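Asks: First the structure, then my questions, so here it is.
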Amino acid sequence: MPETIIVEHIGGVMTVTLNRPDVLNAVNDQLAHELHEALRQAAREAAVRCLVLTGAGRGFCSGQDLRGRAESRPSYRDHLRATYNPIILLLRTMEKPVIASVNGVAAGAGMSLALAADLRVASERASFIEVFSRVGLVPDSGSTHLLTRLVGLGKALELCYTADPVDAQEALRLGLVNRVVPHDELNAATGTLAARLAAGPTKAYGLMKRALTYGLHAPLDAALEYEAHLQEIAGRSADHGEGVAAFLEKRPPSFHGR
Ligand code: T3D
(Lines give C-alpha, C1' and ligand atoms only; values in the text may rest on other atoms or scores of the structure.)
Protein backbone atom coordinates (compact mmCIF):
# COMPACT_ATOMS: atom_id res chain seq x y z
CA MET A 1 0.00 0.00 0.00
CA PRO A 2 1.37 3.42 -0.88
CA GLU A 3 2.01 5.78 2.05
CA THR A 4 2.74 9.10 0.37
CA ILE A 5 -0.12 9.09 -2.13
CA ILE A 6 -3.78 8.11 -2.03
CA VAL A 7 -5.16 6.25 -5.02
CA GLU A 8 -8.91 6.08 -5.64
CA HIS A 9 -10.63 4.49 -8.59
CA ILE A 10 -14.27 5.44 -9.06
CA GLY A 11 -16.02 4.66 -12.30
CA GLY A 12 -13.48 5.20 -15.05
CA VAL A 13 -11.59 7.87 -13.10
CA MET A 14 -8.43 7.21 -11.11
CA THR A 15 -7.52 10.00 -8.70
CA VAL A 16 -4.01 10.18 -7.29
CA THR A 17 -3.64 12.53 -4.34
CA LEU A 18 -0.13 13.52 -3.29
CA ASN A 19 -0.26 13.10 0.45
CA ARG A 20 2.52 14.81 2.36
CA PRO A 21 0.49 17.87 3.39
CA ASP A 22 2.90 18.98 6.16
CA VAL A 23 5.47 19.86 3.48
CA LEU A 24 2.95 20.95 0.83
CA ASN A 25 3.38 17.53 -0.81
CA ALA A 26 7.09 17.94 -1.47
CA VAL A 27 8.45 15.03 -3.45
CA ASN A 28 10.81 12.64 -1.67
CA ASP A 29 12.09 9.42 -3.20
CA GLN A 30 9.24 7.38 -1.75
CA LEU A 31 6.61 9.68 -3.20
CA ALA A 32 8.35 9.71 -6.59
CA HIS A 33 8.43 5.92 -6.59
CA GLU A 34 4.82 5.49 -5.48
CA LEU A 35 3.58 8.10 -7.92
CA HIS A 36 5.45 6.44 -10.77
CA GLU A 37 3.93 3.06 -9.88
CA ALA A 38 0.41 4.54 -9.74
CA LEU A 39 0.90 6.21 -13.11
CA ARG A 40 2.13 2.96 -14.63
CA GLN A 41 -1.01 1.29 -13.34
CA ALA A 42 -3.21 4.06 -14.74
CA ALA A 43 -1.51 3.81 -18.13
CA ARG A 44 -1.80 0.01 -18.19
CA GLU A 45 -5.38 -0.53 -17.02
CA ALA A 46 -8.11 -0.12 -19.62
CA ALA A 47 -10.61 0.48 -16.79
CA VAL A 48 -8.84 3.78 -16.06
CA ARG A 49 -10.20 6.17 -18.67
CA CYS A 50 -9.18 9.43 -17.05
CA LEU A 51 -6.50 10.27 -14.49
CA VAL A 52 -6.72 13.10 -11.95
CA LEU A 53 -3.70 14.35 -10.04
CA THR A 54 -4.21 16.53 -6.96
CA GLY A 55 -2.71 17.35 -3.57
CA ALA A 56 -3.82 16.88 0.03
CA GLY A 57 -4.03 19.91 2.31
CA ARG A 58 -3.30 23.44 1.20
CA GLY A 59 -0.64 22.67 -1.41
CA PHE A 60 -0.62 20.90 -4.74
CA CYS A 61 3.11 20.12 -4.70
CA SER A 62 6.13 22.15 -3.55
CA GLY A 63 8.62 20.28 -5.73
CA GLN A 64 11.66 18.42 -4.54
CA ASP A 65 11.82 17.85 -0.79
CA LEU A 66 14.75 20.04 0.19
CA ARG A 67 15.23 18.67 3.66
CA GLY A 68 18.71 17.23 4.03
CA ARG A 69 19.94 18.98 0.89
CA ALA A 70 21.95 21.52 2.88
CA GLU A 71 24.12 18.67 4.18
CA SER A 72 24.44 16.50 1.11
CA ARG A 73 23.32 16.56 -2.49
CA PRO A 74 23.04 13.66 -4.91
CA SER A 75 23.90 13.89 -8.60
CA TYR A 76 20.90 15.86 -9.80
CA ARG A 77 21.30 14.49 -13.31
CA ASP A 78 21.04 10.93 -12.04
CA HIS A 79 18.25 11.83 -9.63
CA LEU A 80 16.15 13.52 -12.31
CA ARG A 81 16.70 10.66 -14.71
CA ALA A 82 15.62 8.15 -12.09
CA THR A 83 12.67 9.99 -10.57
CA TYR A 84 10.98 12.96 -12.25
CA ASN A 85 11.80 12.31 -15.90
CA PRO A 86 9.98 8.95 -16.14
CA ILE A 87 6.97 10.46 -14.35
CA ILE A 88 6.75 13.42 -16.72
CA LEU A 89 7.20 11.21 -19.78
CA LEU A 90 4.47 8.86 -18.58
CA LEU A 91 2.03 11.73 -18.00
CA ARG A 92 2.69 13.12 -21.46
CA THR A 93 2.55 9.78 -23.28
CA MET A 94 -0.22 7.84 -21.52
CA GLU A 95 -3.01 7.68 -24.03
CA LYS A 96 -5.81 8.86 -21.77
CA PRO A 97 -6.79 12.28 -20.45
CA VAL A 98 -4.84 13.56 -17.45
CA ILE A 99 -6.24 16.42 -15.35
CA ALA A 100 -4.29 18.31 -12.70
CA SER A 101 -6.72 19.52 -10.07
CA VAL A 102 -4.57 22.27 -8.61
CA ASN A 103 -5.74 22.90 -5.07
CA GLY A 104 -2.95 25.20 -3.90
CA VAL A 105 0.64 26.15 -4.55
CA ALA A 106 2.47 24.31 -7.32
CA ALA A 107 6.19 25.11 -7.13
CA GLY A 108 9.33 23.89 -8.86
CA ALA A 109 8.96 20.31 -10.01
CA GLY A 110 5.44 20.52 -8.53
CA MET A 111 4.60 23.14 -11.13
CA SER A 112 6.17 20.93 -13.78
CA LEU A 113 3.90 18.09 -12.65
CA ALA A 114 0.85 20.30 -13.13
CA LEU A 115 2.10 21.43 -16.54
CA ALA A 116 2.59 17.82 -17.62
CA ALA A 117 -1.14 17.12 -17.25
CA ASP A 118 -3.30 17.57 -20.32
CA LEU A 119 -5.69 19.96 -18.58
CA ARG A 120 -5.49 22.04 -15.43
CA VAL A 121 -8.47 22.93 -13.28
CA ALA A 122 -7.36 25.41 -10.63
CA SER A 123 -8.85 26.45 -7.33
CA GLU A 124 -8.91 30.21 -6.91
CA ARG A 125 -6.34 29.52 -4.16
CA ALA A 126 -3.90 27.90 -6.59
CA SER A 127 -0.62 29.54 -7.47
CA PHE A 128 2.25 28.58 -9.72
CA ILE A 129 5.89 29.32 -9.01
CA GLU A 130 8.88 28.46 -11.19
CA VAL A 131 10.74 28.56 -7.91
CA PHE A 132 14.02 27.07 -9.13
CA SER A 133 15.96 30.34 -9.34
CA ARG A 134 15.28 31.00 -5.64
CA VAL A 135 17.51 28.01 -4.90
CA GLY A 136 19.97 28.57 -7.73
CA LEU A 137 18.67 25.84 -10.00
CA VAL A 138 17.34 25.68 -13.53
CA PRO A 139 13.77 24.63 -14.35
CA ASP A 140 13.47 20.88 -14.67
CA SER A 141 10.95 18.03 -14.86
CA GLY A 142 9.76 19.30 -18.22
CA SER A 143 9.15 22.96 -17.36
CA THR A 144 11.56 24.20 -20.06
CA HIS A 145 9.56 22.31 -22.68
CA LEU A 146 6.03 22.64 -21.32
CA LEU A 147 6.06 26.20 -19.97
CA THR A 148 7.49 27.73 -23.14
CA ARG A 149 4.81 26.04 -25.22
CA LEU A 150 2.01 27.25 -22.97
CA VAL A 151 3.07 30.86 -22.43
CA GLY A 152 5.83 31.58 -24.99
CA LEU A 153 9.54 32.14 -24.46
CA GLY A 154 9.38 35.73 -23.15
CA LYS A 155 6.88 35.02 -20.38
CA ALA A 156 8.57 31.72 -19.54
CA LEU A 157 11.90 33.50 -19.07
CA GLU A 158 10.23 36.13 -16.87
CA LEU A 159 8.56 33.51 -14.67
CA CYS A 160 11.79 31.51 -14.38
CA TYR A 161 14.07 34.52 -13.75
CA THR A 162 11.82 36.14 -11.15
CA ALA A 163 10.25 33.05 -9.54
CA ASP A 164 7.28 35.30 -8.87
CA PRO A 165 4.04 33.47 -7.99
CA VAL A 166 1.32 33.47 -10.62
CA ASP A 167 -2.12 33.46 -9.04
CA ALA A 168 -5.03 31.48 -10.46
CA GLN A 169 -6.64 34.33 -12.41
CA GLU A 170 -3.33 35.34 -13.94
CA ALA A 171 -2.65 31.68 -14.76
CA LEU A 172 -5.99 31.58 -16.58
CA ARG A 173 -5.15 34.75 -18.50
CA LEU A 174 -1.75 33.34 -19.49
CA GLY A 175 -3.23 30.02 -20.62
CA LEU A 176 -1.43 28.12 -17.86
CA VAL A 177 -4.74 26.67 -16.64
CA ASN A 178 -7.96 25.75 -18.41
CA ARG A 179 -10.38 26.96 -15.78
CA VAL A 180 -10.51 28.47 -12.32
CA VAL A 181 -13.22 27.59 -9.83
CA PRO A 182 -14.06 28.58 -6.24
CA HIS A 183 -11.96 26.51 -3.86
CA ASP A 184 -14.94 24.66 -2.39
CA GLU A 185 -16.05 23.64 -5.87
CA LEU A 186 -12.71 22.27 -7.07
CA ASN A 187 -13.43 18.60 -6.39
CA ALA A 188 -16.89 18.77 -7.93
CA ALA A 189 -15.70 20.69 -10.99
CA THR A 190 -12.79 18.31 -11.53
CA GLY A 191 -15.04 15.30 -10.96
CA THR A 192 -17.60 16.50 -13.49
CA LEU A 193 -14.94 17.09 -16.13
CA ALA A 194 -13.17 13.80 -15.38
CA ALA A 195 -16.42 11.81 -15.54
CA ARG A 196 -17.30 13.47 -18.83
CA LEU A 197 -13.93 12.60 -20.34
CA ALA A 198 -14.02 9.05 -18.93
CA ALA A 199 -17.35 8.51 -20.70
CA GLY A 200 -15.95 9.85 -23.97
CA PRO A 201 -14.26 8.10 -26.89
CA THR A 202 -11.07 7.54 -24.93
CA LYS A 203 -9.44 5.55 -27.71
CA ALA A 204 -9.73 8.65 -29.92
CA TYR A 205 -8.62 10.90 -27.03
CA GLY A 206 -5.43 8.87 -26.69
CA LEU A 207 -4.74 9.16 -30.40
CA MET A 208 -5.50 12.91 -30.27
CA LYS A 209 -2.99 13.38 -27.49
CA ARG A 210 -0.37 11.60 -29.58
CA ALA A 211 -1.24 13.59 -32.71
CA LEU A 212 -1.36 17.01 -31.07
CA THR A 213 1.94 16.36 -29.29
CA TYR A 214 3.51 15.26 -32.57
CA GLY A 215 1.99 18.28 -34.33
CA LEU A 216 3.87 20.64 -32.01
CA HIS A 217 7.10 19.81 -33.78
CA ALA A 218 6.11 18.42 -37.15
CA PRO A 219 6.01 20.28 -40.46
CA LEU A 220 2.52 20.42 -42.02
CA ASP A 221 3.08 17.62 -44.53
CA ALA A 222 4.26 15.26 -41.79
CA ALA A 223 1.36 16.26 -39.50
CA LEU A 224 -1.12 15.60 -42.28
CA GLU A 225 0.36 12.18 -42.92
CA TYR A 226 0.35 11.33 -39.21
CA GLU A 227 -3.29 12.44 -38.89
CA ALA A 228 -4.20 10.14 -41.77
CA HIS A 229 -2.37 7.26 -40.10
CA LEU A 230 -4.10 7.81 -36.74
CA GLN A 231 -7.49 8.39 -38.37
CA GLU A 232 -7.14 4.97 -39.94
CA ILE A 233 -6.83 3.52 -36.43
CA ALA A 234 -9.67 5.63 -34.99
CA GLY A 235 -11.83 4.82 -37.98
CA ARG A 236 -11.64 1.12 -37.16
CA SER A 237 -12.57 1.56 -33.49
CA ALA A 238 -15.83 0.36 -32.00
CA ASP A 239 -16.30 3.86 -30.58
CA HIS A 240 -16.35 5.33 -34.09
CA GLY A 241 -19.00 2.80 -35.14
CA GLU A 242 -21.01 3.63 -32.03
CA GLY A 243 -20.67 7.37 -32.61
CA VAL A 244 -21.94 7.13 -36.15
CA ALA A 245 -24.79 4.79 -35.17
CA ALA A 246 -25.80 7.06 -32.28
CA PHE A 247 -25.87 10.08 -34.60
CA LEU A 248 -28.01 8.32 -37.17
CA GLU A 249 -30.35 6.93 -34.51
CA LYS A 250 -30.60 10.34 -32.82
CA ARG A 251 -29.47 9.06 -29.40
CA PRO A 252 -26.48 9.76 -27.14
CA PRO A 253 -23.46 7.51 -27.86
CA SER A 254 -22.20 4.95 -25.36
CA PHE A 255 -18.43 4.81 -25.74
CA HIS A 256 -16.22 2.09 -24.29
CA GLY A 257 -12.73 3.25 -25.24
CA ARG A 258 -12.21 0.51 -27.81
O1 T3D B 1 16.86 16.01 -8.50
C2 T3D B 1 16.76 16.98 -7.75
O3 T3D B 1 16.56 16.88 -6.56
C4 T3D B 1 16.73 18.35 -8.35
C5 T3D B 1 15.31 18.64 -8.64
C6 T3D B 1 14.74 19.76 -8.21
C7 T3D B 1 13.31 19.98 -8.48
C8 T3D B 1 12.74 21.05 -7.65
O9 T3D B 1 11.55 21.00 -7.45
S10 T3D B 1 13.77 22.27 -7.03
C11 T3D B 1 12.63 23.30 -6.14
C12 T3D B 1 12.31 22.74 -4.77
N13 T3D B 1 11.21 23.45 -4.16
C14 T3D B 1 11.32 24.65 -3.61
O15 T3D B 1 12.35 25.29 -3.62
C16 T3D B 1 10.09 25.20 -2.93
C17 T3D B 1 10.32 25.34 -1.44
N18 T3D B 1 9.11 25.85 -0.81
C19 T3D B 1 8.76 27.13 -0.87
O20 T3D B 1 9.41 27.98 -1.45
C21 T3D B 1 7.51 27.50 -0.13
O22 T3D B 1 7.21 26.48 0.80
C23 T3D B 1 6.29 27.71 -1.05
C24 T3D B 1 6.49 28.99 -1.87
C25 T3D B 1 6.07 26.52 -1.98
C26 T3D B 1 5.02 27.89 -0.18
O27 T3D B 1 5.27 28.87 0.78
P28 T3D B 1 4.31 29.00 2.06
O29 T3D B 1 4.74 30.22 2.79
O30 T3D B 1 2.90 28.91 1.62
O31 T3D B 1 4.57 27.67 2.92
P32 T3D B 1 5.84 27.36 3.86
O33 T3D B 1 5.59 27.87 5.23
O34 T3D B 1 7.10 27.79 3.20
O35 T3D B 1 5.81 25.76 3.83
C36 T3D B 1 4.99 25.00 4.71
C37 T3D B 1 5.81 23.87 5.26
O38 T3D B 1 6.23 23.04 4.16
C39 T3D B 1 7.11 24.38 5.89
O40 T3D B 1 7.44 23.49 6.94
P41 T3D B 1 7.24 23.92 8.49
O42 T3D B 1 8.00 25.20 8.68
O43 T3D B 1 5.77 24.11 8.66
O44 T3D B 1 7.79 22.77 9.27
C45 T3D B 1 8.11 24.22 4.79
O46 T3D B 1 9.43 24.08 5.26
C47 T3D B 1 7.63 22.93 4.14
N48 T3D B 1 8.07 22.84 2.75
C49 T3D B 1 7.57 23.53 1.71
N50 T3D B 1 8.19 23.18 0.60
C51 T3D B 1 9.11 22.26 0.93
C52 T3D B 1 9.04 22.04 2.30
N53 T3D B 1 9.83 21.17 2.91
C54 T3D B 1 10.73 20.50 2.16
N55 T3D B 1 10.86 20.67 0.84
C56 T3D B 1 10.06 21.53 0.19
N57 T3D B 1 10.18 21.66 -1.15
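Asks: Quick query: amide H of residue 64 versus all other amide H atoms, modeled in the peptide plane; which residues come in under 5 Å with a sequence gap of 5 or more or a different chain?
Replies: It is 27, 109, 110, by chain and number.
Asks: Å³ per residue of the Cα convex hull, for the chain? Provide the component values of the computation, followed by the final result.
Replies: On the way: hull volume 35.8 nm³, N = 258.
Taking only Cα atoms, the chain has a hull volume of 139 Å³ per residue.
Asks: With only Lys, Arg, Asp and Glu charged, each at its Cβ (+1 for the first two, -1 for the last two), find how big the charge dipole of region 202-249 is about the Cα centre; round to the nearest 20 debye. Could you put the intermediate results ahead of the total?
Replies: Details: 4 positive and 7 negative charges, 43 e Å.
Dipole magnitude for region 202-249 comes out near 200 debye.
Asks: Output wanted: per-residue J couplings in Hz (rounded whole) for region 79-91, from phi through Karplus 6.51 cos²θ - 1.76 cosθ + 1.60, θ = phi - 60°, x for Gly and Pro.
Replies: 5, 4, 4, 7, 10, 5, 4, x, 5, 5, 4, 5, 4
Asks: Within the set of other residues whose C-beta is less than 15 Å from the C-beta of residue 151, count the net charge using Lys and Arg as +1 and Asp and Glu as -1. Walk me through the intermediate numbers first.
Replies: Working: positive: 120, 149, 155, 173; negative: 130, 158, 164, 167, 170.
Taking every other residue near residue 151 into account, the sum is -1.
Asks: Mind listing the phi-derived Karplus ³J(HN,Hα) values for region 153-164, rounded to whole Hz, using 6.51, -1.76 and 1.60 with θ = phi - 60°, and x for any glycine or proline?
Replies: Each residue's phi maps through the Karplus curve to give 5, x, 5, 4, 5, 4, 5, 6, 5, 7, 6, 6 Hz.
Asks: Could you point to the residue in 31, 142, 195 farthest towards the positive end of the chain's charge dipole, with +1 and -1 charges on the Cβ of Lys/Arg and Asp/Glu respectively?
Replies: With unit charges placed on the Cβ atoms, the residue in question is 195.
Asks: Suppose only helical runs count, i.e. DSSP H with n ≥ 4. What mean residue ellipticity at 222 nm does that imply for the chain under -39500 (n - 2.57) per run, divided by all residues and rounded to the nearest 500 deg cm²/dmol?
Replies: -14000 deg cm²/dmol
Asks: Roughly speaking, what is the centre-to-centre gap between region 35-68 and region 158-183 when only Cα atoms are used, to the nearest Å?
Replies: One Cα centre to the other: 21 Å.
Asks: Another question, then. Lys and Arg at +1, Asp and Glu at -1: add these up for the other residues within a Cβ distance under 12 Å of residue 203 and post the number. Before the final figure, lay out the partial values.
Replies: Numbers: positive: 49, 96, 209, 210, 236, 258; negative: 95, 239, 242.
Once positives and negatives cancel, what remains is +3.
Asks: Sticking with this one: If you take the beta carbon distance between residue 47 and residue 93 as r and set R0 to 25 Å, what does 1/(1 + (r/R0)^6) give as a FRET efficiency, to the nearest 0.05?
Replies: On the way: r = 19 Å, r/R0 = 0.76.
Efficiency computed from Cβ-Cβ geometry: 0.85.
Asks: Applying a 10 Å radius around every beta-carbon, put 241-251, 22-32 in order of their mean neighbour count, most first. Intermediate values should be presented prior to the final figure.
Replies: Values: 241-251: 11.5, 22-32: 18.9.
Most protected by this proxy first, the peptides run 22-32, 241-251.
Asks: If you rank 226, 84, 161 by how much accessible surface each has, with a 1.4 Å probe, what is the order from largest down?
Replies: 161, 226, 84
The values are calculated or read from the model by the stated rules, or taken from the named source; none is laboratory data. These numbers were taken from a predicted model, which means no experiment stands behind them. No Cβ is skipped: glycine too gets one built from the backbone with ideal geometry, and neighbour counts run over all protein chains shown. Only protein heavy atoms, including side chains, enter the accessible area calculation; ligands, DNA and RNA are left aside. Shrake-Rupley method; radii C 1.70, N 1.55, O 1.52, S 1.80 Å.
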